[in-house]
Amino acid sequence: MNQPTKGRYEGRFAAPKQPKLRRISGGVLALLILVLGLSRLGAEAFKLLTYADLFISGRRMLIYGEIQKTDLSFPEVLPNEGVLDPDDGTTVHYNGHSYRLNPDLTTVLVLGIDQHIEETEIIGTGGQSDVVLLVGIDTKTGRTTVLNISRETYAQVDVYSVSGINTGTEPLQLTLAYAYGDGKHGSCQNALRSVSRLLYGLPISSYLALDMDGISALNEAVGGVTVRAMDDLELPNGTKISAGESVELHGRELDLYIRSRPAGIDSNAKRMARQQQYITEFSKLVIDRSRDSLSFPVELFSSVAPYVVTNLDIPDVTFLSSTFLSHGADFRLRNLEGSFGMLGKSAVFYPDETDLFEAVLELFYVQID
């Protein structure tokens, strides 16, 4: 196990530049609208026209190609003699190959918050992020990857006093980055900075934080999610479920399944496995519904508005979901290897340096030689 290097955290976090509006061809959509209009399906034509407009305006999402040079804070010594090109800033030479930051990629940091999302004036009372996912969507190919990051990951976190004064950066559990904020956008931005540092200064385009009420609302919107229990469980109503038994999750059962964890230093890893299982099964239901109705992802997004803080809007969601669905609606979940230890009285996950570095290249870069 390679311990975290000091150099990884020495680079500055580069705030993304304001993206330029980019428009795409709407020829196919225009043709469909014309056909529908000629068929006198006025309402359907109007719906499709609206959808096309949302899709085109959503294309303004930040794409890495619009970043001239990224301040990537790679460690002083990269694994296996990896080298950052000093004249480029987005190219890495590693194991005999060269990799460039994917110019067609956009990223969304998704956080699951352990309490109701609400703005707070007292630092430390806005909740913590129990789930940390970094979603990468290639806007050209639709290839989508999800990096599942442990809430207990050792990370450098911007720390603030109760009155909101920045007191520096400290090594803490990643989950605490959200707590050192205002419970809303400030918390999301603080978590985003920590994740970006962890991933060598990787630019992160957007964020979306969702609380448990929002997760329950999403769950009910697809009629509940059925899983095969990974552990023996006793449901809130007293029903006992054996490992391997099928159970449809609703309400308190859902909360128990994705949030409970046994005692032990690696307990969060077991919970993450159940969360990953739930996300996979939930996604299958959403994809099936979306194939029947293009507007379903937007309807889901709108339905959880009271439980969400995000800098995404409906055009963004329309564009990203359309891109994903039109290229096969397939995604890959990637976990990180590492070891467990203690940081003071708290359990902490130390990512393996080589695996972390290779995950970043694999998910967010393209090989160019």
Scanning the stretch 173-199 residue by residue, the ones that are touching an Asp or Glu at 6+ places or on another chain (Cβ under 6 Å) and aliphatic (A, V, I, L, M) total 0
If you go through TYR200, TYR180, the only one that is over 18 Å from the mean Cα position of the chain (by Cα) and either without any contact (Cβ under 8 Å) to a residue 12 or more places away in the chain or crowded, with 18+ Cβ neighbours inside 10 Å (or both) is TYR180
Hey, does the stretch 228-243 have a residue that's surrounded by 18 or more Cβ atoms within 10 Å (Cβ to Cβ), in a helix (DSSP H, G or I) and free of Cβ contacts under 8 Å to residues at least 60 places away in the same chain? no
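Out of everything in the stretch 315-337 that is among the aromatic types (Phe, Trp, Tyr) and more than 30 Å from ASP266 (Cα to Cα), what residue ends up being modelled with the highest pLDDT? Give the steps one after another, and end with the answer.
As a first pass, look at the stretch 315-337 and keep what is among the aromatic types (Phe, Trp, Tyr): 319, 324, 331.
Keeping just the survivors that are more than 30 Å from ASP266 (Cα to Cα) gives 319, 324.
On the way: PHE319: 87, PHE324: 92.
Out of the qualifying residues, it is PHE324.
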Of the residues in the stretch 270-316 that are of a type in the set (Gly, Ala, Ser) and not in a helix (DSSP H, G or I), the one that is surrounded by the fewest Cβ atoms within 10 Å (Cβ to Cβ) is SER293
Picking from ASP288, ASP313, the residue that is within 17 Å of the chain's Cα centre (by Cα) and among the acidic types (Asp, Glu) would be ASP313
Of the candidates LEU133, LEU101, the one satisfying the condition of being more than 16 Å from the chain's Cα centre (by Cα) and under 30 Å from SER322 (Cβ atoms) is LEU101
Of the residues in the stretch 259-269, those that are assigned to a helix (DSSP H, G or I) and more than 14 Å from ASN148 (Cα to Cα) come to ARG259, SER267
When every residue in the stretch 247-268 that is of a type in the set (A, V, I, L, M, F, W, C) and touching a helix residue (DSSP H, G or I) at 6+ places or on another chain (Cβ under 9 Å) is compared, the one surrounded by the fewest Cβ atoms within 10 Å (Cβ to Cβ) is VAL247
Residues of the stretch 151-177 being more than 18 Å from TYR207 (Cβ to Cβ), at pLDDT 95 or above and either assigned to a loop (DSSP other than H, G, I, E, B) or in contact with a His (Cβ under 7 Å, 6 or more places away or on another chain) (or both), in sequence order, are GLU152
Among residues of the stretch 317-327 being in contact with a Lys or Arg (Cβ under 9 Å, 6 or more places away or on another chain) and of a type outside the set (A, V, I, L, M, F, W, C), the residue surrounded by the fewest Cβ atoms within 10 Å (Cβ to Cβ) is HIS327
In the stretch 198-209, anything assigned to a strand (DSSP E or B) and either farther than 19 Å from GLY183 by Cβ or touching a helix residue (DSSP H, G or I) at 6+ places or on another chain (Cβ under 6 Å) (or both) is listed as TYR207, ALA209
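Taking only the stretch 340-358 into account, find how many residues are part of a strand (DSSP E or B) and more than 15 Å from SER267 (Cβ to Cβ).
Result for the stretch 340-358: 3.
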If we ask which residues in the stretch 112-126 are part of a loop (DSSP other than H, G, I, E, B), surrounded by 14 or more Cβ atoms within 10 Å (Cβ to Cβ) and among the aliphatic types (A, V, I, L, M), their number turns out to be 2
In the stretch 220-227, is there at least one residue being outside any helix (DSSP H, G or I) and closer than 21 Å to ILE117 by Cβ? no
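For (1) surrounded by fewer than 20 Cβ atoms within 10 Å (Cβ to Cβ); (2) closer than 30 Å to PHE340 by Cβ; (3) modelled with pLDDT of 95 or more, each residue gets a yes or a no:
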| residue | (1), (2), (3) |
| --- | --- |
| PHE55 | no, no, no |
| ILE63 | no, no, no |
| PHE74 | yes, yes, no |
| THR107 | no, yes, no |
| GLN128 | no, yes, yes |
| VAL132 | no, yes, yes |
| ASP138 | no, no, no |
| GLY142 | yes, no, no |
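The values are calculated or read from the model by the stated rules, or taken from the named source; none is laboratory data. Since this is a predicted model, take the numbers as computed values, not measurements. Quick reminder, even Gly has a Cβ in these numbers, built from the backbone with ideal geometry, and neighbours come from all protein chains shown.
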